[in-house]
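Take a look at the structure set out below.
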Amino acid sequence: MLVELLSKKAGKPVSSGEFVEVDVDIMLSHENTDLVMEKFRETGKKLHSPEKIFIVLDHRAPAETESTAGLHARIRKFVKQHGIRNFHDVGSGICHEVLAESGMIFRGMFVLGTDSHTPTAGYASAIGYGVGATDMAYAWATGKIYLEVPEVHCVKLTGSPPGNVYPMDVSLQILSMLGLENEHAGLELVGDYIAGASDAAKKTLCNMLVETGAATVCAGDGKNCVDAFEVHLDEIERLVALPGNPSNVKPVVEVEGVEINQVFVGTCTSGRLEDMAILAKVLENKKVHENVRMLVAPATRKVLQDALNKGYIQTLVKAGCVILPPGCGPCLGAQMGLLADGEVCLSAGNRNYPGRMGSTNAKIYLASPYTCARSAVAGKVV
């Protein structure tokens, strides 16, 4: 399916390994819009399709330094000067989920983003590609982008995971099997599990599997898949990725008892309403352990409002959680919940490399929101 969709965007049949120019439907960026603006000015051109530009301030929001405040101000000025309608200021949420909520993504679209997790758009059977500022500036100026057609690998997911095994566990299982060195690959997720999966589940999978190194990931129909890599889900367990490598995965039972200082649930991997519901169910009439800080960041303002309306946020606050504003929060290590030397965090995010959330001497384990909530109460991984 991926090659078929890219062929339509290129206006001709294409094949893996070929370099082609394709039409871009959506141009997504966040705070690095400031650098894109700089590169764009160097082209001396006008914006080709300002209606396709989608900007969200999410990585350092609200501004944590005077420098970031200045960056935000420059972006706001540029947006007004150029009549960019799809601008979402501080508090709107994480760019990928804000874009999904906008209703702008449809099957077969090409979404270009200055963020490595742009393949999240694959949940809608769209093509998402992450690029740097120079490539995005070219897209702003021309409406197109050059890329190498990826080698497509189908991942066939069959069966039904046991109770309390969630899409994050499925993602970690796949990561443990594929590893991190799948550069220039395109992953197409197929099988009965994908056919019946919710949008939220497919977002988690497409987002998390960026960590395989794939150029893009999408939910497909499997019609043209040959020699699919099969993953049987009936017997997988709840899983945890060990610090430093999201593909170094162990069953929770093998990691039980590791004491934790912080739990973080949010990000473009696990900050949706469904995740808030899981947390609230686990934490109902319970308390976060006295030695644990539990931070929860709803992915968007809409998620926050819906979670409030359903009583989820009230349950989390009563349990002792700290509710962060919609956005990336501490995921990228810039603000709100950084880790000190020797601290241990259990996160439902997508990355756990040394220094990702603060000190390079801190440890970050990755797990599902369900496992995170249980562990927050116990004060250790359970």
Could you tell me whether any residue of region 48-64 is at pLDDT below 95, among the small types (Gly, Ala, Ser), surrounded by fewer than 23 Cβ atoms within 10 Å (Cβ to Cβ) and closer than 25 Å to Leu187 by Cβ?
no
Of all residues in region 84-96 being assigned to a strand (DSSP E or B) and touching a helix residue (DSSP H, G or I) at 6+ places or on another chain (Cβ under 6 Å), which is farthest from Gly70 (Cα to Cα)?
Gly93
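Within the group Leu112, Leu99, which residue is assigned to a helix (DSSP H, G or I), modelled with pLDDT of 95 or more, in contact with a helix residue (DSSP H, G or I) (Cβ under 8 Å, 6 or more places away or on another chain) and aliphatic (A, V, I, L, M)? Quick ask: steps written out before the conclusion?
Details: Leu112 fails: assigned to a helix (DSSP H, G or I).
From the options Leu112, Leu99, the qualifying one is Leu99.
Of the residues in region 143-159, how many are in a loop (DSSP other than H, G, I, E, B) and either under 22 Å from the mean Cα position of the chain (by Cα) or closer than 23 Å to Leu112 by Cα (or both)?
Selection size over region 143-159: 3.
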Quick check on my filter: what residues within region 353-369 are surrounded by fewer than 24 Cβ atoms within 10 Å (Cβ to Cβ), in contact (Cβ under 8 Å) with a residue 60 or more places away in the chain and either outside the structural domain of Leu304 (by TED's automatic domain parsing) or not in a strand (DSSP E or B) (or both)?
Tyr353, Pro354
Out of the residues in region 204-232 that are under 15 Å from the mean Cα position of the chain (by Cα) and among the β-branched types (Val, Ile, Thr), state the one that is surrounded by the fewest Cβ atoms within 10 Å (Cβ to Cβ).
Thr212
If you scan region 111-155, which residues turn out to be β-branched (Val, Ile, Thr) and either assigned by TED's automatic domain parsing to the domain that holds Ala228 or closer than 17 Å to Leu5 by Cβ (or both)?
Val111, Thr118, Thr120, Ile127, Ile145, Val149, Val152, Val155
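Can we say Phe87 is within 21 Å of the chain's Cα centre (by Cα), over 23 Å from Thr269 (Cβ atoms), surrounded by 15 or more Cβ atoms within 10 Å (Cβ to Cβ) and of a type in the set (A, V, I, L, M, F, W, C)?
It is true that Phe87 is within 21 Å of the chain's Cα centre (by Cα), over 23 Å from Thr269 (Cβ atoms), surrounded by 15 or more Cβ atoms within 10 Å (Cβ to Cβ) and of a type in the set (A, V, I, L, M, F, W, C).
Going through region 38-75 one residue at a time, which ones are of a type in the set (A, V, I, L, M) and either assigned to a loop (DSSP other than H, G, I, E, B) or touching a residue at least 60 places away in the same chain (Cβ under 8 Å) (or both)?
Going residue by residue through region 38-75, those that are of a type in the set (A, V, I, L, M) are 47, 53, 55-57, 61, 63, 69, 71, 73, 75.
If the condition is that a residue be of a type in the set (A, V, I, L, M) and either assigned to a loop (DSSP other than H, G, I, E, B) or touching a residue at least 60 places away in the same chain (Cβ under 8 Å) (or both), then Leu47, Ile53, Leu57, Ala61, Ala63 are the ones that fit.
The values are calculated or read from the model by the stated rules, or taken from the named source; none is laboratory data. Keep in mind it's a predicted model, so treat the numbers as computed, not measured. Every residue, glycine among them, receives a Cβ derived from its backbone with ideal geometry; neighbour counts consider all protein chains shown.
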